Amino acid sequence: MSPDLTTSLGSLQLGAPTLTASGCAAAGKELAQFGDVSTLGAVVTKSIMMQPRSGRATPRMAETPSGMLNSIGLQGPGIEVFLEKDLAWLHENNVTTIVSIAGNNVEEFGELARILAKVPGVDGLEVNISCPNVESRGQVFACNPVSAAQVIETVRSVWHSDAPVLAKLSPDVTDIVEIAHSVVEAGVDGVSMINTLLGMVIDVDGMKPMLGGRTGGLSGPAIRPVAVRAIYQVHAAIPHLPILGMGGIRTGHDALEFIAAGASAVSIGTVVFGDPSAPWRIATELGQELESRGYNSLSEVIGLAHQN
Amino acid sequence: MSTAKQMKCTIRSLEPVGEYLHLILDAPEMPEVQPGHFAAVAVGGVGGGMLLRRAFSIHKSEPGETLELIFAAHGQGTQWLATQSAGDVIDVIAPLGKPFVLPRQPVACVLVAGGYGAAPMELLAQQLRARGCRVDVVLGAATQEKLFGVLSLKGVSDSLTVTTDDGTSGVRGRVTDVLAELMTRNESKAVYACGPMAMLQAVAAVAQENGAFSQCAVEESMACGIGVCMTCVLPVIGDDGVTRMVRSCVEGPVFRGDRVRWNDVDTIPQDTFGAPSPGGH
């Protein structure tokens, strides 16, 4: 019998263990030509903000060994159009949806949560406190335990919904466990980790940073060991905390590493750019990886690497 | 949005043509293609270090049978592709993007291409001629070896003019040096262009000065080709007069030449929808 791949993030039951990663699948619609989006664990939408946002100047991308840098800068239509077009499409198509939100300040996070708590079709909230593509390092709330907690407390205070609230954490910190503790105390139901790492590529012909935004977020398999380490550390410190793992997952074997480190489910990100059917493929491969090792379910493997 | 297929394609042949390579793939799942559609090819092999697809405009295709692409091996990914050979299998997504829009009336059209930007032009010329359009072609390149499609386009056009920067073939100079006169002589009403951004900008300007409609297939650096990454954006004016940063992979790669803000490519113009307030975002 093939292993049971169903899992959960807090109160949210997931029919499949692979989700899309925020910023790597827009709002799901474009992937529909490659597979049935409703069979994914969930679509985690690209972070939405209150206002429409143009994003940063191009070039926005630089390919790097086993990865890429991006400096998109949270381009998006704003919450109003998102609800009307993107969320409506996801809801109509029975897609489990985790909405990622980003704010310029604490109040905007609160406002977004207040709006989203009232609309149908939101199965979870991912609070993006760690996007590196913002003008001020001070806006990377996840770099500071106090500001990270402020955002989560504000969101929590208006989140009158049973759907779980996840905080998306940055690995660009001295001690990610300290940040995890602070968001747990502020009331999150789980954490998503990791966001991209801040990086830079220099164009030595033009003698300037290659990206329009100068710095960008590094993603892809190049950062995978960083993600596994971060998940392992947080799961060790807070074993009951649900973790949505992401960071360069390319195969079912990679996904199994994340589960063994302590993730309950995984998001597939940058790899989708090269292989848009990857979220489905990786779920199938993960089943095969479990089966070949004699496991009956994904849930029995969560955090298993901590026992040895 | 066209519906694209992700396909495993066996290489039928890979042959040099001038400075470029002509790739013919067995593509049994290939849907119908319109001129201007592109294909996104995975490079580097399974487990390799290059994650992002390379985008090429489609040269030709027989639905359910073959897909043909022209490329220049000028980067790490295309150099890898150049080392593949008949029998090797590559992962391709096609057809992608919005193709050229054809005129409703049988008007005179000029097709302008720089280098291997000529790849989609044969298919386009055939379709325009089938509608009764006069088709004049201008092909430009830095030098003779960088021209593509001269002979095949001669066979499907009413006239063909070649320009090279160094004068090794045809008229010495740029495509725009001959375009205006050609348009006047033939009373051209539509210009179709594919090639480097600077050429497209110049061609779009000449078209506009001569009262013609222009359609330009842009080359923006892409990461996904399917509309999810927001990398390949450029400032384009919409029907409502508002400039937006639009994705060249799904809203393009073909745009009306008079709608692209060519001088502002690689910037976010101040009046763009959602532009940052001074200081940036």
> Just checking, which of B:205, B:198 is assigned by TED's automatic domain parsing to the domain that holds residue B:117 and under 14 Å from the mean Cα position of the chain (by Cα)?
Replying inline: B:198
>> Looking at B:239, B:266 in this structure, which one is closer than 30 Å to residue A:276 by Cβ, in a loop (DSSP other than H, G, I, E, B) and within 14 Å of another protein chain (Cβ to nearest Cβ)?
In response: B:266
> Does residue B:221 satisfy the condition of being of a type in the set (Ser, Thr, Tyr) and more than 9 Å from every other protein chain (Cβ to nearest Cβ)?
Replying inline: no
>> Of the conditions (1) under 29 Å from residue B:54 (Cβ atoms); (2) surrounded by fewer than 23 Cβ atoms within 10 Å (Cβ to Cβ), residue A:248 satisfies every one except a single condition; which number is it?
In response: (2)
> Can you name every residue in the stretch B:169-204 that is without any contact (Cβ under 8 Å) to a residue 24 or more places away in the chain and under 21 Å from residue B:248 (Cβ atoms)?
Replying inline: B:198
> Here are some residues: A:41, A:23, A:35, A:15. Which one is in contact (Cβ under 8 Å) with a residue 24 or more places away in the chain, closer than 16 Å to residue B:226 by Cβ and more than 9 Å from every other protein chain (Cβ to nearest Cβ)?
Replying inline: A:35
> How about the stretch A:126-174: which of its residues are farther than 25 Å from residue A:71 by Cβ and hydrophobic (A, V, I, L, M, F, W, C)?
Replying inline: A:146, A:149, A:152, A:155, A:158, A:159, A:163, A:165
>> When you check residue B:17 against the structure, is it of a type in the set (A, V, I, L, M) and surrounded by fewer than 19 Cβ atoms within 10 Å (Cβ to Cβ), yes or no?
In response: yes
>> Here is a list: A:128, A:104. Which entry is polar (S, T, N, Q) and either more than 20 Å from the chain's Cα centre (by Cα) or at pLDDT 95 or above (or both)?
In response: A:128
> Residues that are within 14 Å of chain A (Cβ to nearest Cβ) and either farther than 20 Å from residue B:250 by Cα or not hydrophobic (A, V, I, L, M, F, W, C) (or both): which strands (runs of 3 or more DSSP E) entirely in the stretch B:50-124 hold 1 or more of them?
Replying inline: B:54-62, B:89-96
> residue B:188 fails exactly one of the following numbered conditions: (1) touching a Cys at 6+ places or on another chain (Cβ under 7 Å); (2) part of a loop (DSSP other than H, G, I, E, B); (3) not assigned by TED's automatic domain parsing to the domain that holds residue B:212. What is the number of that condition?
Replying inline: (3)
>> Testing residue A:112 on (1) surrounded by fewer than 23 Cβ atoms within 10 Å (Cβ to Cβ); (2) more than 14 Å from chain B (Cβ to nearest Cβ); (3) of a type outside the set (Val, Ile, Thr); (4) in contact with a Gly (Cβ under 7 Å, 6 or more places away or on another chain), one condition comes back false. Which one is that?
In response: (1)
> Which of the residues that make up the stretch A:133-153 are at pLDDT 95 or above and either more than 30 Å from residue A:214 (Cβ to Cβ) or within 14 Å of chain B (Cβ to nearest Cβ) (or both)?
Replying inline: A:153
> Looking at (1) over 13 Å from residue B:115 (Cβ atoms); (2) out of contact with any strand residue (DSSP E or B) (no Cβ under 8 Å at 6 or more places or on another chain), which is the one condition that is false for residue B:145?
Replying inline: (1)
> Among the listed residues A:173, A:183, A:228, A:188, which satisfies the condition of being in contact with a Cys (Cβ under 7 Å, 6 or more places away or on another chain), of a type outside the set (D, E, K, R), surrounded by 15 or more Cβ atoms within 10 Å (Cβ to Cβ) and more than 14 Å from chain B (Cβ to nearest Cβ)?
Replying inline: A:173
> When you go through A:30, A:80 one by one, which is the residue that is under 27 Å from residue B:237 (Cβ atoms) and either among the β-branched types (Val, Ile, Thr) or within 7 Å of another protein chain (Cβ to nearest Cβ) (or both)?
Replying inline: A:30
>> Can you pull out every residue in the stretch B:20-47 that is among the β-branched types (Val, Ile, Thr) and either outside the structural domain of residue B:85 (by TED's automatic domain parsing) or surrounded by 14 or more Cβ atoms within 10 Å (Cβ to Cβ) (or both)?
In response: B:24, B:33, B:41, B:43
> Looking at the stretch A:200-303, what strands (runs of 3 or more DSSP E) fall wholly within it and have at least 2 residues that are within 27 Å of residue B:4 (Cα to Cα) and in contact (Cβ under 8 Å) with a residue 60 or more places away in the chain?
Replying inline: A:265-268
> Among (1) out of contact with any His (no Cβ under 8 Å at 6 or more places or on another chain); (2) within 23 Å of residue A:111 (Cβ to Cβ); (3) within 12 Å of chain B (Cβ to nearest Cβ), where does residue A:85 come up short?
Replying inline: (3)
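The values are calculated or read from the model by the stated rules, or taken from the named source; none is laboratory data. Just so you know, these numbers come straight off a predicted model, no measurement behind them. No Cβ is skipped: glycine too gets one built from the backbone with ideal geometry, and neighbour counts run over all protein chains shown.
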